[in-house]
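*Asks:* Dumping the structure here so I can ask a few things about it.
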Amino acid sequence: MAATPRRVLDREHTLNRRATATPLGGVAVLSASGATLTIAMYGELDLGAARTLRCVVDGAAVSGAGLVQFDLADVTFCDSQGLRLLERAVVDIAACGAAVAIARPSSAVTGVVRVGVAA
């Protein structure tokens with residue numbers, strides 16, 4: 001399991017200081033140091049993650065960070081909806097002028113990308 005995040009979005013979509021997790025997964029803002037914002041995703045990246053991810057992306061877009069990095073090392077499941085969510089997040093953040101990086105994609109993520117490229 002990922003290191004305990006410092007701040008996590010809860011169901012009311014506000015940043016709080018306690019770590020919360022669901023059995024299926026979530027999104028955590030791990031660090032905001034300097035001009036870089038790191039967002040870690042864990043568990044299942046699918047349509048169920050849409051609402052929480054949308055809220056984090058909205059916050060990241062207005063954060064003023066020069067680089068927003070998605071850490072996907074702890075994603076255990078990803079489907080085509082999850083890839084669409086991630087694509088939309090990248091487009092929206094880039095539209096606000098920030099660079100976007102995908103860090104440490106798990107085999108669940110790379111597997112879906114390979115299937116999509118082969119299709």
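The values are calculated or read from the model by the stated rules, or taken from the named source; none is laboratory data. Since we're looking at a predicted model, the values are computed, not measured. Positions of Cβ are backbone-derived with ideal geometry, glycine not excepted, and every protein chain shown enters the neighbour counts.
*Asks:* Which of the residues spanning the stretch 95-119 are closer than 18 Å to Val29 by Cα and over 14 Å from the mean Cα position of the chain (by Cα)?
*Replies:* Ala98, Ala99
*Asks:* Here's another thing I want to ask about it. What strands (runs of 3 or more DSSP E), lying completely within the stretch 1-77, carry at least 1 residues that are among the charged types (D, E, K, R), modelled with pLDDT under 85 and over 10 Å from the mean Cα position of the chain (by Cα)? Steps first, please.
*Replies:* Working: elements: 7-9, 25-33, 36-45.
Counting at least 1 such residues, we get 7-9.
*Asks:* I need a count of the residues in the stretch 75-109 that are of a type outside the set (A, V, I, L, M, F, W, C), more than 16 Å from Gly48 (Cα to Cα) and surrounded by 13 or more Cβ atoms within 10 Å (Cβ to Cβ). Write out each step before concluding.
*Replies:* In the first step, residues of the stretch 75-109 are kept if they are of a type outside the set (A, V, I, L, M, F, W, C); the result is 76, 79-82, 84, 87-88, 92, 97, 104-107.
Subset that is more than 16 Å from Gly48 (Cα to Cα): 92, 97, 104-107.
Right, trim to surrounded by 13 or more Cβ atoms within 10 Å (Cβ to Cβ) and you get 92, 104-106.
Going through the stretch 75-109 one residue at a time, the tally reaches 4.
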